[in-house]
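Take a look at the structure set out below.
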Amino acid sequence: MTGTYLIQFLNGLSDAASLFLVSAGLSLIFGVSRVVNMAHGSFYMIGAYLAYYIISLLPKNGLLFCLGIFLSSISVGLVGVILETVILRRLYKAPELFILMATFSVVLIIQDLSLWIFGAEDLLGPKMPGMDGSIKILGSYIPQYNLFLIAVAFMILFLLWFLLNKTRWGLFIRAATEDREMLSGLGVNEKWLFTGAFFLGSTLAGLGGAVQLPVGGADLMMDLNVIAEAFVVVVVGGMGSIGGAFLASLLIGELTSFGILIIPQSTLVMTFFIMAVVLILRPYGLFGRAQIHRRLMEEIEDPPLIPPSKRVKATTCIVLLLIFIIPIFFRGFQLVLLSEIAIFSLACMSLYFMMGPGGMISFGHAAFFGGGAYSAALLVHYLHLPMELTLLLSPIFIFLLASIIGWFCVRLSGVYLAMLTLAFSQILWAAVKQWKFLGGDDGILGIWPSKWASNEVTFYYLTMIVSISGILCLRYLLFTPFGYGMRGCRDSPLMAEAIGINIKMHQWLSFSISGMFAGLAGALYAFSKGSVFPYEISIFRSFDILLSVLLGGMHSISGPIVGAGTFIWLEDMISRFHFWRLILGLIFLLLVIGFPKGISGVINKKLFRFFHPQTEIN
């Protein structure tokens, strides 16, 4: 039994080794440039693929195997330099969320390029010569290569410590992590420093992918599978802390390894549960510091909200009239697509409500959108409630859920708040994916509207009435004293507190209201599709909603609606092509670089001022 536990401990160290290499690079990049690099997982994947092909060209030898790993890692580092110099360098002055959108666009591009270059089949990694056997320890066996991975992780940790603490370049890196503005004032070339950090961080990601090749091979899902865990490690350890990333990797690797023995179903949720607990107890991670944190949207100059003029109201009425006469001219798929845009617009508006005026970022908004869909499905499937009552009860349930989650989340801010929302979302996703009571992978089917709304035209009108009413309710709240208080808490918390506003209570209520309307959108979505699946509560759906809000723009209330419509339309049009991710990624990337304020932010105010309650669009 002792041997079994020791082997399990060593396996946990082995799992932590590869995760540390990826996370260390991600932490280094964030610490220096403050870039939340979603493409870091893509570098991990490229490292594995390049190692496979480079090693296959070399004679079978242990030293040459290591040479292949080294060459593939350096190649990935050069790819990171290209990304930083060609794309990200143009966006450093933009809000961090828009840089995140740019790196997510790169993820889509690299996915399809990898499919085109490497093929769709999973590649089985070659064994390392001289490390392809097992060692017997206390009656149990462990692969030799696992011990090699542990040794590599400790060696990289030492080299990073030496580089960051004993060299002049490392001194600049640590200074940039502590106070980037002061470093610029001292005359240090920030561009080359950022490029160097990106090269090293990307090289570490490539190394992480390359060294795990004999263990897990190479496949096209590696990037998305590892990036979530890497972000968890970085956040748990403290953003920008290499030592924190190492300790967090060990913590997660060991708890996951032993968690499999105790609760086999915990594999999907253990990592995010650990992050949630750590962030609740230590808001900035194990080794994070508040002074290096900043708001993700601090550069957004949000114009003041001004109530709509009479002309705006009249024009809005005309637009609404056009929406309601559309079924006269269109039927079938067009009505379905417009209904989906309306539902998604409500979901995006609910995120904008807490993210724009509220100043709270969420990476896990699908917890409420998908939660609303699942609550509606469960009420229909098990209690056989009618659609009308379900649409009333589902938002109430999600309001309570958002209140529970929000109570923990509003104690944090910036990327830490965003990652805690992601943790709760992933915990819920794991629950619906594994529990048969909630449908599991098969989802819940047969969630159809009432008979009176089963006609496509009738359901279209129902969707429009509910979605538009929800959007108008959220818009109305922004012009109430509560809405102005939200902006006050975001822009000047000290002044808001001085005049008697309970900031955390205000944010908590904003968070809960946002979740409630997302739940309403999710419930309506379940009836529109007739079913619900775990995807609706996954990280991918969360980023669909987040990217739509950013795509539309954070400078006006119309932004979420414009972004939702554009996203759904683009997804429908481009998904018909073979390499649709590549096309969608390029479009997103061009929009971020060309229109960093979003689509609605660049619309001429003289032509479209009725969409914008503010008087100026900067």
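The values are calculated or read from the model by the stated rules, or taken from the named source; none is laboratory data. The model shown is predicted, which means the values in this text are computed figures rather than measured ones. Counting neighbours? That spans all protein chains shown, and the Cβs are built from the backbone with ideal geometry, glycine included.
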Checklist entry - In segment 396-430, which residues are surrounded by 24 or more Cβ atoms within 10 Å (Cβ to Cβ) and under 11 Å from Ala523 (Cβ atoms)? => result Ile398
Checklist entry - surrounded by fewer than 22 Cβ atoms within 10 Å (Cβ to Cβ), without any contact (Cβ under 8 Å) to a residue 12 or more places away in the chain and touching a Leu at 6+ places or on another chain (Cβ under 7 Å): does that describe Leu385? => result yes
Item to check | Single match in Ala120, Ala94 (criterion: outside any helix (DSSP H, G or I), surrounded by fewer than 16 Cβ atoms within 10 Å (Cβ to Cβ) and touching a residue at least 40 places away in the same chain (Cβ under 8 Å)) | outcome: Ala120
Item to check | Test: residue in segment 545-561 that is modelled with pLDDT under 85, assigned to a helix (DSSP H, G or I), assigned by TED's automatic domain parsing to the domain that holds Ile341 and over 19 Å from Ala94 (Cα atoms) | outcome: no
Next on the checklist: Can you tell me which of (1) surrounded by fewer than 22 Cβ atoms within 10 Å (Cβ to Cβ); (2) part of a helix (DSSP H, G or I) is the one Ser510 doesn't meet?
Outcome noted: (1)
Checklist entry - Yes or no: Ser528 under 21 Å from His381 (Cβ atoms) and either hydroxyl-bearing (Ser, Thr, Tyr) or out of contact with any helix residue (DSSP H, G or I) (no Cβ under 8 Å at 6 or more places or on another chain) (or both)? => result yes
Checklist outcome for this item: Here the residues within segment 244-277 that are at pLDDT below 75, part of a helix (DSSP H, G or I) and more than 22 Å from the chain's Cα centre (by Cα) are Gly259, Ile260, Leu261, Ile262, Pro264, Gln265
Checklist entry - Which residue out of Phe533, Phe482, Phe527 is in the same structural domain as Ala418 (by TED's automatic domain parsing) and in contact with a His (Cβ under 9 Å, 6 or more places away or on another chain)? => result Phe482
Item to check | Those residues of segment 188-217 which are more than 23 Å from the chain's Cα centre (by Cα) and within 20 Å of Tyr145 (Cβ to Cβ), in sequence order | outcome: Leu207, Ala210, Val211, Gln212, Leu213, Pro214, Val215, Gly216, Gly217
Checklist entry - Is it the case that some residue within segment 127-138 is surrounded by fewer than 16 Cβ atoms within 10 Å (Cβ to Cβ), part of a helix (DSSP H, G or I) and touching a residue at least 12 places away in the same chain (Cβ under 8 Å)? => result no
